[in-house]
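Trainee: Got a structure for you, questions after.
The values are calculated or read from the model by the stated rules, or taken from the named source; none is laboratory data. Please read all numbers here as calculations on a predicted model, not as lab measurements. In this analysis, Cβ positions are derived from the backbone assuming ideal geometry, glycine residues included, and neighbour counts consider all displayed protein chains.
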Amino acid sequence: MADQNKTEKATPRRRQKAREKGQIARSRDLIASLGTVVAVGCLAWQLQSFAAEWRTLFRHEVGAAMRPDQLLPAWRNDLQIFRGIALAAGISWIAATVGGVAQGGLVFAPSALAINWGRLNPASRAEQLFSIQALSRMVKSLVPTSAIILLVFNLLSRDWSQFPQLMHSRGLLSFTISRLLELAWKSSLVLLVWSAADYLFERWHHERELRMSRQDLMDEFKETEGNPAVKLRIRRLQRQVRRRRMLKDVERSAVVITNPTEFAIALEFNLQMEAPVVVAKGRSLLAAQIREVALWHGIPLVENPPLARALYRSVEIGQTIPAKLYTVVAEILAAIWRAQERAQSTAGGR
C-alpha cells in the first residue's frame with residue numbers, strides 16, 4: 001500500500017540524499033563484463049606475439065634445467081613476456097573504472113563505510129540467503145551461465161568431428177587456442193549484453209525506490225522552505241518590528257499629512273536636507289497610530305486629502321517627495337514655521 005502511494009518522481013534533494021548514502025543505479029555485472037571484453041580483445045590482439053614469447057621462455061627453461069650451474073630461474077631474463085599481460089590487465093582495469101564512473105559518477109559516501117553490526121547477525125544473513133532478492137540474483141546468474149554452456153555445446157558439436165584428425169598432429173594446440181579464444185569473446189559478449197540489460201533493470205528499480213508520495217513532498221518542502229505556519233509568524237513579527245521602528249521615526253518628523261482619517265504620512269525636513277523625506281506612512285489603523293504618536297509629541301497634523309493620497313501612492317518610506325509636490329509641501333512647512341514663531345514670540349512676550 002505504501003508503494004502504491006508513491007506516485008511522484010523524486011526531487012533533486014531526495015536524489016542528492018540517496019547519492020550521499022551511496023544509493024545509485026549501478027550494475028556490477030556491467031563493470032565486470034566491460035573489463036572482460038577489453039581483456040579478451042587485448043589478448044587476442046597480442047596472441048601471435050604471446051605464442052612466440054612463450055615458446056622462447058619454454059626453450060630457456062628447458063635449457064636452464066639441463067645446466068646444474070643455473071641458479072636463477074630462466075624467466076627472470078624474459079620479463080617482456082609479461083608486458084602483454086600487464087597491458088591487457090591495465091586496459092581492462094581502465095575500461096571497468098570508466099564503466100563504473102559512467103553509470104553513476106564519482107560517489108563518496110562515508111555513511112556506507114560505517115560498521116553495520118546487523119550484517120554479522122546469522123539470522124539476518126539466513127534471511128538474505130532465503131529471500132526474494134537472493135532468488136532473483138540466482139536467476140539472473142543462471143541466464144548468462146546457461147547461454148555460455150549452450151555456446152560450449154555448439155562449439156563442441158560443430159568441431160567434434162575434427163578432434164580424431166588433430167589428436168596426432170601439430171595443429172592441435174593452435175586449434176585449441178583458437179576455439180578457446182572464440183569461446184572467450186562470444187562469452188564476454190553474452191555477459192556484456194546481459195549486464196547492459198541488468199543495468200537498465202537496476203536503473204528502473206532505483207527510480208522506483210526513489211519515488212515519493214505527496215506527503216513526502218510536503219515534508220521535504222517543510223524541511224527546505226520551512227513550516228508555513230512558522231514562516232507566517234516570522235513575517236508577522238517582522239512587520240511588527242518594522243511598524244514599531246516606523247512609529248519611532250514619526251517622533252523626528254516635521255509634519256504629518258492626513259486624509260483626515262484614512263491616510264497619514266509623516267515628513268521629516270530640516271535646513272540641511274535637500275527635500276522632505278517620508279519617514280512613515282500608513283492607512284486606517286496604522287494611520288491612526290501615526291496620528292496618535294504625532295499628537296503625543298506635539299507634531300503638527302495638516303489635513304490635505306489630495307496631498308495625502310498622492311504621497312501615500314507615489315512615495316515609499318525613506319524616499320524624498322517628488323519635485324512636483326515641492327511647492328505644496330513648502331507652503332505647508334512655511335505656514336507651520338510661521339505659526340511656531342508666532343507662538344514662541346507670544347510666549348516670550350508674556
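Trainee: Give the residues of the stretch 92-121 that are modelled with pLDDT of 70 or more and more than 20 Å from the chain's Cα centre (by Cα), sorted by residue number.
Mentor: The answer is S92, W93, I94, A95, A96, T97, V98, G99.
Trainee: So I299 ticks every box in (1) part of a loop (DSSP other than H, G, I, E, B); (2) surrounded by fewer than 19 Cβ atoms within 10 Å (Cβ to Cβ) but one. Which box is left unticked?
Mentor: The number of the failed condition is (2).
Trainee: Tally up the residues in the stretch 19-31 that are assigned to a helix (DSSP H, G or I) and crowded, with 17+ Cβ neighbours inside 10 Å, please. Steps first, answer last, please.
Mentor: Of the stretch 19-31, the ones assigned to a helix (DSSP H, G or I) are 19-20, 28-31.
Filter once more, keeping what is crowded, with 17+ Cβ neighbours inside 10 Å: 29-31.
Total satisfying the criteria: 3.
Trainee: Right, another one. Out of the stretch 302-342, which residues are outside any helix (DSSP H, G or I), surrounded by 15 or more Cβ atoms within 10 Å (Cβ to Cβ) and over 58 Å from the mean Cα position of the chain (by Cα)? Reasoning before the result, please.
Mentor: Here is the first cut: in the stretch 302-342, the ones outside any helix (DSSP H, G or I) are 302-304, 315-322.
Going one step further and asking which of them are surrounded by 15 or more Cβ atoms within 10 Å (Cβ to Cβ), we end up with 302, 304, 315, 317, 320-321.
Scanning the stretch 302-342 gives V302, N304.
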